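Remarks on the structure that follows.
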Amino acid sequence: MRDAVTNLIKTYDITGRYLDRNAIDSLKSYFETGTARIAAAGVINANAALIVKKAASQLFEELPELIRAGGNAYTTRRYAACLRDMDYYLRYASYAIVAGDTNVLDERVLQGLRETYNSLGVPIAPTVRGVQIMKDLVKDLLATSGVADTSCVDAPFDHMTREISERDL
């Protein structure tokens with residue numbers, strides 16, 4: 001697992017270059033958003049159960065067929081697995097927010113997801129929608145806590161939805 005700084009340094013080290021203007025600008029941006037990223041992690045940590053609960057409620061309200069007989073979250077076991085997965089995505093999104101880099105998502109969440117979802121017959125569209133709902137909830141909670149620029153939350157959630165959507169699951 002790497003953060004934005006170690007990824008940047010690794011890139012420049014591999015090519016044997018000194019940090020140029022682009023690298024310095026990236027570092028400045030990383031450090032300037034540090035307070036917001038830490039605040040976002042704090043908001044997620046303090047409200048994780050609420051975020052997952054609200055996201056699941058909204059998802060099942062939008063897609064009630066998921067909890068009807070034959071739906072992917074119909075049984076108690078499947079419903080619990082859905083909540084567990086949402087919590088998992090939220091937790092790793094918080095790590096990526098703090099790191100300022102989505103690498104941890106690729107290593108720990110997205111790798112192997114195709115095989116797992118294919119083997120379990122998990123529909124991808126509701127998964128993507130659940131991640132999007134959680135992003136909106138986190139941004140709302142962060143704004144309510146007084147953080148004006150909540151854009152630090154976008155990259156991890158958008159990365160997950162884009163990568164999950166683009167994969168042939």
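Do we find that Ala143 is open to solvent by less than 30 Å² (accessible area, probe 1.4 Å) and in a helix (DSSP H, G or I) in this structure? The answer is no for Ala143.
Those helices (runs of 4 or more DSSP H) of segment 1-99 in which at least 1 residues are closer than 22 Å to Val131 by Cβ and not polar (S, T, N, Q), considering only elements entirely within it, cover 4-15, 34-62, 76-99. Across segment 59-77, which residue is farthest from Leu141 (Cα to Cα) among those that are surrounded by 17 or more Cβ atoms within 10 Å (Cβ to Cβ) and not β-branched (Val, Ile, Thr)? Across segment 59-77, the extreme among qualifying residues is Gly71. Screening Asp85, Asp136, Asp101 for residues that are among the charged types (D, E, K, R), open to solvent by less than 60 Å² (accessible area, probe 1.4 Å) and over 23 Å from Asp3 (Cβ atoms) leaves exactly one candidate, Asp85.
When you look at Tyr95, is it within 10 Å of the chain's Cα centre (by Cα) and either of a type in the set (Phe, Trp, Tyr) or surrounded by fewer than 17 Cβ atoms within 10 Å (Cβ to Cβ) (or both), yes or no?
Working: within 10 Å of the chain's Cα centre (by Cα): yes; either of a type in the set (Phe, Trp, Tyr) or surrounded by fewer than 17 Cβ atoms within 10 Å (Cβ to Cβ) (or both): yes.
Taking the combined requirement at face value, the residue satisfies it.
A search for C-beta distances below 6 Å between a residue of segment 137-158 that is free of Cβ contacts under 8 Å to residues at least 12 places away in the same chain and any residue that is open to solvent by less than 30 Å² (accessible area, probe 1.4 Å), counting only pairs 6+ apart in sequence or on different chains, returns Ala143/Thr150. Please verify whether segment 14-32 includes one or more residues that are open to solvent by 30 Å² or more (accessible area, probe 1.4 Å), out of contact with any strand residue (DSSP E or B) (no Cβ under 7 Å at 6 or more places or on another chain) and touching a residue at least 40 places away in the same chain (Cβ under 8 Å). Yes, there is a match, as at least one residue in segment 14-32 is open to solvent by 30 Å² or more (accessible area, probe 1.4 Å), out of contact with any strand residue (DSSP E or B) (no Cβ under 7 Å at 6 or more places or on another chain) and touching a residue at least 40 places away in the same chain (Cβ under 8 Å). Pairs are defined by a Cβ separation below 7 Å, a sequence spacing of at least 6 or placement on different chains, a first member in segment 68-87 that is of a type in the set (Asp, Glu), and a second member that is modelled with pLDDT of 95 or more and surrounded by fewer than 14 Cβ atoms within 10 Å (Cβ to Cβ); no pair meets this definition.
The values are calculated or read from the model by the stated rules, or taken from the named source; none is laboratory data. If you're wondering where the values come from, they're calculated on a predicted model, not measured in any experiment. Note that each Cβ is placed from the backbone with ideal geometry, even for glycine, and that neighbours are counted across all protein chains shown. For the accessible areas, the whole protein counts, side chains as well, though only heavy atoms, and no ligand, DNA or RNA atoms are used. Shrake-Rupley method; radii C 1.70, N 1.55, O 1.52, S 1.80 Å.
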